[in-house]
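Only one structure is covered here, and it is reproduced in the block below.
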Amino acid sequence: MKKKTIIALLSLCALITQVAAEQKSDYSPLIKQGYSNYREAYNPNAKVVYESGDALLTTSHADLSLERVKFFVPPGTKRFTVSFLTYLSSQESKATGRFRDVPTKTASDVQSATMIRNTSNTLERLVAGEELPFYSPGGSGNLGISEPYQFDTFQVNSGGYIYLHILSVPGGMVKTLQTRMVVDEVCYRSWYANAKWDAQGNPDENATHTCAGSTGGGSSGGGNQVTTAEISGKSETVDANGNLVMNFTLKRPASETKSTNRTSFWIAAYVPAGFLPEEAWFFLTQSGWSQLLSTNPYAVAYRKSETPVAEKVFTVSTGLPVAEMRNFNAKLHFGYMGSDGGFKDMGMIWSSN
């Protein structure tokens, strides 16, 4: 079973339930090598590198299975460079991006004939309000998104998030996604000193961000609440037989836990080709590991139809020896059915690397 199995799972879940319109909260922020606490990660007095009067802000994520991601573009940003590498496959790579709002284009809208061919002014076009389609044919190994000229004179006056919807990528996973923003140092320091943050320490999605600081917006609820689902407290142990046991906590926003809809969870193991004839996905169920051999994704669910809660602690006994998982270069992924009927892919929770 190829990696596309996980894509089939997402599609089947969407068909079984009514999927609500996409929201900004469906997009995961990419911060340095993580997903939260921009405030700490890019503290201008401690964590930022400077060059010729500019702040250099970078992100780097490998084996990314998230379909919806977002990047905060601070006021004063001059250049936004993206390196998007994919696995070599005959499958096309497609994505669509938009500034300050979620993209609306579908995979059928993004074709060779409609793709943008000049990626040197991507940032300027996005900030101007365009939704841009990004496309590369099968076997390319990369997807061109943004490659600005070094001496581009454009500068962002009012910051915000770029929302990137990854519509198709070989194997359903981005090999590496790296970004680099060049931001005017004076503007960045001034904004940061007067910025508004959400409960996760990221720039407030609803505020207006200029060199003078942030205005408007404002998060609701207490400091312990989250505005988007997140995984925390990840740790691994082994049982008496040397089998991997994963521990983590799923935190969900109030908008999800107030729903009367039930929640189901999936845990999947990806094994690349090598020891097996071809790459494969396996799903952990209450009766052991299984593959998706039917059109019913609930047949391979880890847990089914549970009441949604703000924080849920998972102790996952894999029943698989850690040494064997490392030999097979296995990776574990986690996702759940959201209260809006959409599948929430929380990405990789364990890697053999």
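The values are calculated or read from the model by the stated rules, or taken from the named source; none is laboratory data. Please read all numbers here as calculations on a predicted model, not as lab measurements. Note that each Cβ is placed from the backbone with ideal geometry, even for glycine, and that neighbours are counted across all protein chains shown.
On inspection, Trp197 passes the criterion of being surrounded by 16 or more Cβ atoms within 10 Å (Cβ to Cβ), closer than 29 Å to Gly342 by Cα and not aliphatic (A, V, I, L, M). Could you grab me the full set of residues in segment 227-257 that are more than 24 Å from the chain's Cα centre (by Cα) and touching a residue at least 24 places away in the same chain (Cβ under 8 Å)? Of everything in segment 227-257, those that are more than 24 Å from the chain's Cα centre (by Cα) and touching a residue at least 24 places away in the same chain (Cβ under 8 Å) turn out to be Val238, Asp239, Asn241, Gly242, Asn243, Leu244, Val245. Evaluate segment 213-220: report whether one residue or more is assigned to a loop (DSSP other than H, G, I, E, B), touching a helix residue (DSSP H, G or I) at 6+ places or on another chain (Cβ under 9 Å) and surrounded by 16 or more Cβ atoms within 10 Å (Cβ to Cβ). Scanning segment 213-220, I find no residue that is assigned to a loop (DSSP other than H, G, I, E, B), touching a helix residue (DSSP H, G or I) at 6+ places or on another chain (Cβ under 9 Å) and surrounded by 16 or more Cβ atoms within 10 Å (Cβ to Cβ), so the answer is no. For beta carbons closer than 8 Å, sequence separation of 6+ or different chains, a first residue in segment 96-115 that is more than 11 Å from Tyr163 (Cα to Cα) and a second that is part of a loop (DSSP other than H, G, I, E, B) and not charged (D, E, K, R), the qualifying pairs are Ser112/Pro137.
Residues that are free of Cβ contacts under 8 Å to residues at least 40 places away in the same chain and assigned to a loop (DSSP other than H, G, I, E, B) within segment 29-41 comprise Lys32, Gln33, listed in sequence order. Among all positions in segment 132-154, there is at least one residue which is among the hydrophobic types (A, V, I, L, M, F, W, C), in the same structural domain as Leu85 (by TED's automatic domain parsing) and touching an Asp or Glu at 6+ places or on another chain (Cβ under 9 Å).
Among strands (runs of 3 or more DSSP E) entirely within segment 50-130, having at least 1 residues that are touching a helix residue (DSSP H, G or I) at 6+ places or on another chain (Cβ under 6 Å) and β-branched (Val, Ile, Thr) singles out 77-86. The set of residues in segment 167-194 being buried (at least 23 other Cβ atoms within 10 Å of the Cβ), assigned to a strand (DSSP E or B) and under 14 Å from the mean Cα position of the chain (by Cα) consists of Val174, Leu177. For segment 264-278, filtered to residues that are over 15 Å from Met348 (Cβ atoms) and modelled with pLDDT of 85 or more, the residue that is surrounded by the most Cβ atoms within 10 Å (Cβ to Cβ) is Phe265.
Number of residues in segment 131-151 that are under 30 Å from Gly213 (Cβ atoms) and either surrounded by 15 or more Cβ atoms within 10 Å (Cβ to Cβ) or at pLDDT 95 or above (or both): the value is 5.
Taking the listed residues Pro170, Pro203, the one that is under 26 Å from Ser140 (Cβ atoms) and not small (Gly, Ala, Ser) is Pro170, with no other qualifying.
Take the residues of segment 17-38 that are over 26 Å from Pro170 (Cβ atoms) and surrounded by fewer than 17 Cβ atoms within 10 Å (Cβ to Cβ): which is modelled with the highest pLDDT?
Looking at residues that are over 26 Å from Pro170 (Cβ atoms) and surrounded by fewer than 17 Cβ atoms within 10 Å (Cβ to Cβ), I get Asn37.
Annotation note: of Leu56, Leu85, the sole residue that is surrounded by fewer than 21 Cβ atoms within 10 Å (Cβ to Cβ), among the hydrophobic types (A, V, I, L, M, F, W, C) and either closer than 19 Å to Val174 by Cα or outside the structural domain of Ser36 (by TED's automatic domain parsing) (or both) is Leu85. The criterion of at least 3 residues that are touching a helix residue (DSSP H, G or I) at 6+ places or on another chain (Cβ under 9 Å) and of a type outside the set (Gly, Ala, Ser) is met by the following strands (runs of 3 or more DSSP E) wholly inside segment 240-292: 263-271, 280-285. Is there a residue being surrounded by fewer than 16 Cβ atoms within 10 Å (Cβ to Cβ), over 28 Å from Ser28 (Cα atoms), among the acidic types (Asp, Glu) and out of contact with any helix residue (DSSP H, G or I) (no Cβ under 8 Å at 6 or more places or on another chain) anywhere in segment 302-310? No, the conditions are met nowhere in segment 302-310. Annotation: of all residues in segment 262-300 being touching a residue at least 12 places away in the same chain (Cβ under 8 Å) and of a type in the set (Ser, Thr, Tyr), the one that is farthest from Asn243 (Cα to Cα) is Thr295. Tyr163 falls short on exactly one of the conditions (1) in a strand (DSSP E or B); (2) over 24 Å from Asp198 (Cβ atoms); (3) not acidic (Asp, Glu), and that condition is (2). Out of the residues in segment 238-263 that are modelled with pLDDT of 85 or more and hydroxyl-bearing (Ser, Thr, Tyr), state the one that is farthest from Pro308 (Cα to Cα). Filtering first and then ranking leaves Thr249.
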